[in-house]
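Visitor: Got a structure here, written out as structure tokens. Questions coming.
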Amino acid sequence: MAHYALITLVVKDQEKLAAYLKVGGPAVAKHEGKAIAGGPGSLSLQTPHGETRGVVLEFPTPDHLTAWLQDPELAEVHALRNAGADTTILSLPEIA
């Protein structure tokens, strides 16, 4: 059963976030994840904390999501994301 990650990013450093966006997709794909919503066409409707971006990722299982977050080979990628934005990641099971 699919498992999802809802990620919101409140931008702190536009250049670092742009650098992350170049490497973030391949890092997700390494753990069989894919973006299913979000991206450049996103529109922030309420932004109480500053410029906000978001994406929904789909993984085959919760273990794939956890492996993506804990992969030591991706530590620099995650650090770049966190340097570019205050990040919230919610783990969401598929509703059967």
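The values are calculated or read from the model by the stated rules, or taken from the named source; none is laboratory data. This is a predicted model, so every value here is computed, not measured. Cβ atoms come from the backbone with ideal geometry, glycine included; neighbour counts cover every protein chain shown.
Visitor: Could you tell me which numbered condition GLU32 fails, if it satisfies all but one of (1) surrounded by 14 or more Cβ atoms within 10 Å (Cβ to Cβ); (2) under 12 Å from the mean Cα position of the chain (by Cα); (3) modelled with pLDDT of 95 or more?
Guide: (2)
Visitor: Still on this model: Residue under question is ARG53, and the condition is that it be at pLDDT below 95 and under 12 Å from the mean Cα position of the chain (by Cα); does it hold? Let's see the steps before the verdict.
Guide: Values: at pLDDT below 95: yes; under 12 Å from the mean Cα position of the chain (by Cα): yes.
Here the answer is yes, as ARG53 does meet what is asked.
Visitor: Every residue in region 48-77 that is free of Cβ contacts under 8 Å to residues at least 12 places away in the same chain and either part of a loop (DSSP other than H, G, I, E, B) or within 13 Å of TYR20 (Cα to Cα) (or both), please.
Guide: Result: PRO48, ALA75, GLU76.
Visitor: Look through GLU51, GLU76 and report the one residue that is in contact with a strand residue (DSSP E or B) (Cβ under 6 Å, 6 or more places away or on another chain), exposed (fewer than 15 other Cβ atoms within 10 Å of the Cβ) and on the phi < 0 side of the Ramachandran plot. Talk me through it step by step, then tell me what you get.
Guide: On the way: GLU76 fails: in contact with a strand residue (DSSP E or B) (Cβ under 6 Å, 6 or more places away or on another chain).
The conditions single out GLU51.
Visitor: If a residue has to be assigned to a strand (DSSP E or B) and either under 19 Å from ASP86 (Cα atoms) or among the polar types (S, T, N, Q) (or both) to count, how many in region 10-34 make the cut? Step through it out loud before you land on a result.
Guide: Narrowing region 10-34 to residues assigned to a strand (DSSP E or B): 10-11, 34.
Next cut, either under 19 Å from ASP86 (Cα atoms) or among the polar types (S, T, N, Q) (or both) only: 10-11.
The qualifying residues number 2.
Visitor: Name every residue in region 7-16 that is more than 11 Å from the chain's Cα centre (by Cα) and not polar (S, T, N, Q), in order of residue number. Working first, answer last.
Guide: Taking region 7-16 first, the residues more than 11 Å from the chain's Cα centre (by Cα) are 10-16.
Passing the criteria: VAL10, VAL11, LYS12, ASP13, GLU15, LYS16.
Visitor: Within region 79-96, which residues are in contact (Cβ under 8 Å) with a residue 12 or more places away in the chain, assigned to a helix (DSSP H, G or I) and not aliphatic (A, V, I, L, M)?
Guide: Hits for region 79-96 are ARG81, GLY84.
Visitor: Between a residue in region 9-26 that is farther than 12 Å from GLY39 by Cα and any residue that is charged (D, E, K, R), which pairs come within a Cβ distance under 6 Å, given they are 6 or more apart or on different chains?
Guide: Close Cβ pairs satisfying both conditions: VAL10/ASP86; VAL11/GLU51; TYR20/ARG81.
Visitor: Ok, one more. Can you spot a residue in region 58-66 that is buried (at least 16 other Cβ atoms within 10 Å of the Cβ) and hydrophobic (A, V, I, L, M, F, W, C)?
Guide: For region 58-66, residues buried (at least 16 other Cβ atoms within 10 Å of the Cβ) and hydrophobic (A, V, I, L, M, F, W, C): present.
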